[in-house]
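Have a look at the structure below, then the notes.
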Amino acid sequence: MLKIEHLTKRYGDKTAVDDLSLHIQPGEIYGFIGHNGAGKTTTLKSCAGILQFDEGEIMINGSSIKKDPIKCKKDLAYIPDNPDLYEYMSGIRYLNFIADIFEIPADIRQEKIRRYADLFELTKDLAQPVAAYSHGMKQKLAVISAWIHSPKLIMMDEPFVGLDPKASHLLKEMMREHCDAGGAIFFSTHVLEVAEKLCDKVAIIKQGRLIRTGSMEEVKGDDSLEEVFLELED
Amino acid sequence: MLKVLVKKQITEVFRNYLYNPKKNTIRSKGEIATYLTLFILLIVGVLGGMFTMMAYAFCGILYEMGMGWLYFLIMSGTAVALGAFGSVFNTYSSLYMAKDNDLLLSLPIPTGTIMTARLINVYLLGTMYASTALIPMLAVYWIVTGLTPAKLICGILLYLIVTVIILMLSCMLGWIVAKISMRLKGRSYITVLASLAFIGGYYFFYFKVNDYINAILENAGTYGENIKGNAYLLYLFGNIGTGDWAAAGIFTVGTAILAGLLWTLMQRSFLKIAAAGGSFGKKVYTEKTVSQKSIFNALLGKEIARFTSSSNYMLNCGLGIVMLPVFGIYLLIKGGEMYQTLNTVFSVIPGSMLIIFCTAFCTLSSMNTIAAPSVSLEGKNIWVLQSLPVSGRQILRSKALLHMILTMIPLLFCLICAQTVITASAAERIMLCVLPVTFVFFTATAGTVLGTSMPQMNWTSEISPIKQSIAVVITMFGGFIFNAVFAAVYMIAGHQIGTAVYLLLWSILYSAAGYVLLKWLDTKGAAAFAAL
């Protein structure tokens with residue numbers, strides 16, 4: 001589903017991501033962990049086609065994000081760590097905008113909006129401008145907009161920040177359902193307990209380099225993920 | 001602390017001139033000097049030139065009549081109108097709506113210091129606009145009447161007093177706009193309507209200014225005596241510039257007291273307004289049937305939503321939308337009379353009336369700079385478009401198309417009105433319509449190209465990309481310069497090839513240039529957008 005080969009991204013003299021390779025298969029929830037500034041967001045943004053990278057290749061569902069970005073983006077959804085959405089639109093208008101871009105027929109989109117907005121208890125606020133939303137509401141709207149077009153790959157940067165416990169729980173269920181249906185999820189998090197419980201595979205990044213990757217059992221063995229992470233960071 | 005905040009404000013205003021977002025580096029000294037020189041030339045050249053001519057028209061005559069004070073009163077009044085007009089929305093946006101207000105208010109910085117830093121920024125921008133009238137006012141007076149120490153010092157005091165008055169007016173009007181915004185729904189439209197009424201009055205005065213100048217010059221004695229008798233303070237105010245120490249002292253002290261009072265009042269309400277963040281009437285969602293839009297229409301709809309959501313954007317970049325129909329209606333009512341009068345005046349050069357009309361249509365169209373700040377206005381939201389399956393080509397074309405639609409609809413109305421007024425051949429009538437349309441195509445693509453090439457993505461107040469970006473300045477004044485060249489070349493030599501042919505050649509030029517720019521947008525522009 002997602003194949004990252006020798007990804008390198010530099011900002012001036014600083015190498016943010018250094019020769020990173022990673023494969024994510026359909027059905028996998030892949031956690032991406034690392035300290036602040038390790039290169040997680042840069043990697044996710046590169047995969048989403050937001051950042052242009054210097055070396056390497058990123059393939060999404062068999063297509064290169066460099067050579068065929070539109071085809072790749074049709075198959076993916078990206079949720080950033082800070083959901084800066086269009087504040088001049090209402091929630092419903094934003095969702096319809098996203099649905100139009102993904103060419104979702106009117107009846108299907110309405111059914112999905114109804115379903116996800118009800119799940120996240122956002123229905124009554126959909127007519128409000130996004131500017132009036134709290135951080136958590138924006139995050140919920142971003143999640144709905146990601147799920148509305150049934151992407152094959154969903155990439156999320158710290159998706160649980162700002163969500164209330166109920167919404168967090170719901171999102172975890174949705175992530176599992178998505179992967180059980182053949183999709184894949186690649187997300188970054190600092191909440192190691194969540195990663196440990198939720199992820200099938202995990203990658204640990206330090207100073208732009210991947211220092212450990214594999215299934216949860218392979219990475220942590222008999223220790224907790226927190227112990228392994230802290231040990232690797234030292 | 002204040003110095004740090006002011007530096008931050010100023011850096012933000014001139015960020016585009018100092019920083020190269022493509023290379024992520026500070027521009028070289030040569031580049032900075034070039035950009036700032038270009039900016040100053042455009043401001044000083046266009047506005048300064050206009051006010052220098054106005055100053056020369058008044059100064060000599062009024063001085064010889066012993067009414068130098070009336071000269072200063074008229075010129076200072078013009079500067080106040082210009083400065084306050086230019087600064088009122090800047091005050092509202094940068095004082096109350098700045099995106100970093102929450103951050104700064106959470107830091108251990110006194111509220112007064114934050115407000116003062118914002119106000120210094122407003123003061124400097126208001127002063128920049130007003131200086132285009134004030135500096136010619138003082139320079140022309142000193143040249144015509146000779147310079148003495150009293151005239152020099154009182155002149156400088158007058159300059160400072162006028163700029164502080166502008167700041168006070170901007171603050172009061174900005175405060176009113178903020179209060180309205182806190183209470184009303186659909187405030188962007190209401191703000192636009194209120195502002196248009198103000199602008200309407202402004203332009204009414206502007207177009208009548210020649211009549212007023214003549215009337216004042218013819219009846220200067222009577223007006224002067226009336227002002228002296230009924231509004232002595234105005235007489236005293238005008239006297240400052242002539243070197244009247246007493247008047248200068250009274251107004252310096254008076255202005256300082258008023259400014260202090262206003263500052264105190266504003267400081268009391270600043271926190272409340274800045275922290276309010278606008279009010280949103282509670283709308284309950286009811287599901288409605290929606291129809292699926294094409295990708296391009298969705299992008300265009302997004303651009304329309306962005307434009308109509310911001311009174312700053314509509315007023316600063318879409319004034320032509322109002323001015324074109326107003327001119328069209330004016331043509332319907334008084335166009336015949338105006339056409340005949342001007343035709344007699346310009347009868348020496350055949351077809352010059354059509355050129356004047358075309359210049360007017362294009363100049364009014366140039367008041368629309370919708371496309372130029374459009375990329376910058378994506379700001380922190382840019383990730384949305386960059387992560388969606390849409391090409392840079394579609395995005396940039398939707399931005400250019402919005403500019404074209406919003407300019408061409410009122411332009412076509414204006415052109416239809418003009419057809420009822422002019423006397424011309426069929427070919428000339430067609431070209432009268434074709435040229436402005438091609439000009440709009442050119443300016444829409446040029447604005448988008450400039451906006452994509454010189455983006456300003458990290459702003460804390462949207463007024464920054466809307467009003468202070470290089471792209472907007474070049475698009476607007478560049479349009480004016482093109483129009484001036486278009487008219488001048490015809491008057492000098494172009495008329496020899498015939499009006500219709502001349503218009504055709506310029507139409508081909510604008511179309512070709514617009515096409516080249518569109519192709520740039522489709523390729524290099526799209527790549528530049530993806531790399532933002």
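Could you check the spin-label model distance between B:Leu107 and A:Glu193? Points 7 Å from the Cα along Cα→Cβ, value in nm.
The answer from the label model is 3.6 nm.
Bin by bin, in steps of 5 Å, what percent of the Cα pairs in the range B:382-530 do you find, going until the bin that has the longest distance?
Binned Cα distances yield the sequence 2, 9, 15, 18, 19, 14, 10, 7, 4, 2, 1.
In nm, to one decimal, how far is the modelled label at A:Glu173 from the one at B:Ala246, with both set 7 Å along Cα→Cβ?
8.6
Put +1 on the Cβ of each Lys and Arg and -1 on the Cβ of each Asp and Glu in chain A; which of A:Phe187, A:Met89, A:Tyr116 then has its Cα farthest toward the positive end of the dipole?
A:Met89
Based on the Kirkwood radius over alpha-carbon pairs, what value in µm²/s does the Stokes-Einstein equation return for the translational diffusion coefficient of the range B:42-179 at 20 °C and 1.002 mPa s? Kindly include the intermediate steps, with their values, before the conclusion.
On the way: Rh = 16.2 Å.
Translational D for this selection: 132 µm²/s.
For the range B:398-464, compute Rh as the Kirkwood radius over C-alpha pairs and then the Stokes-Einstein diffusion coefficient at 37 °C and 0.692 mPa s; write the answer in µm²/s, rounded to an integer.
Here the translational diffusion coefficient equals 235 µm²/s.
Between the range B:312-335 and the range B:359-380, what is the C-alpha centre distance in whole Å?
15
Using θ = phi - 60° and the Karplus relation 6.51 cos²θ - 1.76 cosθ + 1.60, list the HN-Hα couplings for the range B:99-109 in order, rounded to whole Hz, with x at every Gly or Pro.
Per residue, the Karplus-derived 3J(HN,Hα) values read 5, 9, 4, 4, 4, 5, 5, 7, 8, x, 10 Hz.
Quick check on the range B:243-316: what does the Kirkwood estimate of hydrodynamic radius come out to from the alpha carbon pairs, in Å? Don't skip to the end; give the middle numbers.
Values: mean 1/r = 0.0549 Å⁻¹.
Taking the inverse mean of 1/r over all distinct Cα pairs, the range B:243-316 comes out at 18.2 Å.
Calculate, for B:Ala527 and B:Lys228, the FRET efficiency according to 1/(1 + (r/R0)^6) with r their C-beta to C-beta distance and R0 56 Å; round to the nearest 0.05.
Working: r = 66 Å, r/R0 = 1.18.
Efficiency, rounded to the nearest 0.05: 0.25.
Shielding of B:290-300 by partners, i.e. mean partner chain Cβ atoms within 10 Å per residue? Numbers along the way, then the final one.
On the way: counts 11, 3, 10, 7, 3, 4, 1, 1, 8, 3, 0.
Per residue, the number of nearby Cβ atoms from other chains is 5 on average.
Rounded to the nearest 0.05, what FRET efficiency do B:Phe346 and B:Leu412 have when you use their Cβ-Cβ distance and R0 = 30 Å? Can you show the working numbers first?
On the way: r = 26 Å, r/R0 = 0.85.
With a Förster radius of 30 Å, E is 0.70.
Just in the range B:84-178: which trypsin sites (Lys or Arg not before Pro) are loop by DSSP and have at most 15 other Cβ atoms within 10 Å? Mind dumping the intermediate values first?
On the way: sites: B:Lys99, B:Arg118, B:Lys151; in loops: B:Lys99.
Sites meeting the loop and neighbour criteria: B:Lys99.
Expressed in whole Å with the largest first, what are the equivalent ellipsoid semi-axes of the range A:149-234 derived from the C-alpha gyration tensor as the square root of 5 times each eigenvalue? Please list the in-between numbers first.
Working: eigenvalues 108, 43, 32 Å².
Over the Cα atoms of the range A:149-234, the ellipsoid semi-axes are 23, 15, 13 Å.
Once R0 is set to 22 Å, what does the formula 1/(1 + (r/R0)^6) return for the Cβ-Cβ distance between B:Ser453 and B:Ile40, expressed as a FRET efficiency to the nearest 0.05?
Details: r = 21 Å, r/R0 = 0.95.
About 0.60, to the nearest 0.05.
Using amide H atoms built in the peptide plane, which far-off residues or other-chain residues are under 5 Å from A:Ser90 H to H?
Here the answer is A:Val130, since their amide H atoms fall under 5 Å of that of A:Ser90.
Using a 1.4 Å probe and counting only protein heavy atoms, arrange A:His6, A:His35 so the residue with the most accessible area comes first. Please report the intermediate quantities before stating the final value.
Numbers: A:His6 100, A:His35 60 Å².
Final ranking, largest accessible area leading: A:His6, A:His35.
Counting DSSP beta bridges in the protein assembly as shown, what percent are antiparallel, to the nearest 5?
On the way: 24 of 41 bridges.
Once the DSSP bridges in the protein assembly as shown are tallied, antiparallel ones form about 60 percent.
If you rank B:Tyr35, B:Tyr330 by how much accessible surface each has, with a 1.4 Å probe, what is the order from largest down? Walk me through the numbers on the way to the answer.
Values: B:Tyr35 50, B:Tyr330 100 Å².
The ranking, largest first, comes out as B:Tyr330, B:Tyr35.
Quick one: what are the phi-derived ³J(HN,Hα) couplings along the range A:71-83, Karplus 6.51/-1.76/1.60 with θ = phi - 60°, whole Hz, x for glycine and proline?
Once θ is set to phi - 60°, the couplings for the range A:71-83 become 4, 4, 5, 5, 9, 10, 10, 10, 10, x, 5, 10, x Hz.
Counting Lys +1, Arg +1, Asp -1, Glu -1, what net charge surrounds A:Gly62 among other residues with beta carbon under 15 Å of its beta carbon?
Working: positive: A:Lys3, A:Lys66, A:Lys67, A:Lys71, A:Lys73, A:Lys74, A:Lys152; negative: A:Glu5, A:Glu57, A:Asp68, A:Asp75.
So the surrounding residues net to +3.
For B:Gly318, enumerate residues with amide H under 5 Å from its amide H, sequence gap 5+ or separate chain, H modeled in the peptide plane.
B:Thr369
Among residues other than B:Ser398 whose Cβ falls under 15 Å from its Cβ, what is the net charge (Lys/Arg +1, Asp/Glu -1)?
Numbers: positive: B:Lys293, B:Lys302, B:Arg306, B:Arg393, B:Arg397, B:Lys399; negative: A:Asp100, B:Glu303, B:Glu378, B:Asp522.
Combined, the nearby Lys, Arg, Asp and Glu give +2.
Taking only protein heavy atoms and a 1.4 Å probe, what accessible area per residue, in Å², does chain B have with all protein chains in place? Walk me through the numbers on the way to the answer.
On the way: 23010 Å² over 532 residues.
With all protein chains present, chain B gives 43 Å² per residue.
Would you mind giving the mean number of other chain beta-carbons within 10 Å of the Cβ of each residue in A:92-99, as a whole number?
Numbers: counts 5, 4, 3, 1, 6, 8, 3, 4.
Averaged over the peptide's residues, the number is 4.
Rounded to whole Å and sorted largest first, what semi-axes of the equivalent ellipsoid does the C-alpha gyration tensor of chain B yield via the square root of 5 times each eigenvalue? Walk me through the numbers on the way to the answer.
Numbers: eigenvalues 285, 237, 93 Å².
Three semi-axes, in Å: 38, 34, 22.
Can you tell me which of B:513-523, A:181-191 comes out highest on packing, and rank the rest after it, using the mean Cβ neighbours within 10 Å?
Working: B:513-523: 17.2, A:181-191: 20.4.
Final packing ranking: A:181-191, B:513-523.
Using all C-alpha to C-alpha distances in the protein assembly as shown, build P(r) with 10 Å bins and read off the rounded percent in each one.
2, 12, 19, 22, 19, 12, 7, 4, 1, 0, 0
I need the semi-axes of the equivalent ellipsoid of the range A:76-234: take the C-alpha gyration tensor, multiply each eigenvalue by 5, square-root it, list largest first in whole angstrom.
Working: eigenvalues 202, 52, 37 Å².
Its equivalent ellipsoid spans semi-axes of 32, 16, 14 Å.
Average partner chain C-beta neighbours within 10 Å, per residue of A:124-132?
Details: counts 5, 4, 5, 6, 6, 5, 0, 4, 7.
Mean number of neighbouring Cβ atoms from other chains: 5.
Which order do B:Tyr123, A:Tyr78 take when ranked by solvent-accessible area (1.4 Å probe, heavy atoms of all protein chains), largest first?
B:Tyr123, A:Tyr78
Calculate, axis by axis, the spread of Cα positions in the range B:353-409 along the three principal axes, and write the results as whole Å, longest axis first.
Taking max minus min along each principal axis of the Cα atoms, the range B:353-409 gives 51, 18, 14 Å.
So which of A:Lys73/B:Lys283; A:Lys73/B:Lys399; A:Lys3/A:Lys152; A:Lys197/B:Lys380 end up more than 24 Å apart by C-alpha? Intermediate results must be reported in sequence, preceding the final value.
Details: A:Lys73/B:Lys283 33 Å; A:Lys73/B:Lys399 21 Å; A:Lys3/A:Lys152 14 Å; A:Lys197/B:Lys380 33 Å.
Beyond 24 Å: A:Lys73/B:Lys283; A:Lys197/B:Lys380.
In nanometres, what is the gap between the two model label sites at A:Ser64 and A:Asp13, each 7 Å from Cα along Cα-to-Cβ?
3.2
Using a 1.4 Å probe on the protein heavy atoms only, what accessible surface does A:Cys72 show? Give it in Å² to the nearest 10.
Here the accessible area works out near 0 Å².
From the phi of every residue in the range B:390-406, what ³J(HN,Hα) in whole Hz does the Karplus formula 6.51 cos²θ - 1.76 cosθ + 1.60 yield, where θ is phi - 60° and glycine or proline is x?
Computed from phi, the couplings for the range B:390-406 are 10, 7, x, 4, 5, 4, 5, 5, 5, 5, 5, 5, 4, 4, 5, 4, 5 Hz.
Provide the descending list of Cα extents for the range A:6-159 along its principal axes, expressed in whole angstroms.
If we take the Cα atoms of the range A:6-159, the spans are 47, 30, 26 Å.
So who's got an amide H within less than 5 Å of the one on B:Gln468, skipping anything under 5 residues away but keeping other chains? H placed 1.01 Å off N, in plane.
none
Could you work out the per residue convex hull volume over the alpha carbons of the range A:32-116, in cubic angstrom? Mind showing how you got there, number by number?
Working: hull volume 11.9 nm³, N = 85.
Looking at the range A:32-116, the number lands at 140 Å³ per residue.
The values are calculated or read from the model by the stated rules, or taken from the named source; none is laboratory data. Note that the structure is predicted; figures quoted are calculated from it, not measured. In this analysis, Cβ positions are derived from the backbone assuming ideal geometry, glycine residues included, and neighbour counts consider all displayed protein chains. In case anyone asks, the SASA skips ligands and DNA or RNA and just uses the protein heavy atoms, side chains included. Shrake-Rupley method; radii C 1.70, N 1.55, O 1.52, S 1.80 Å.
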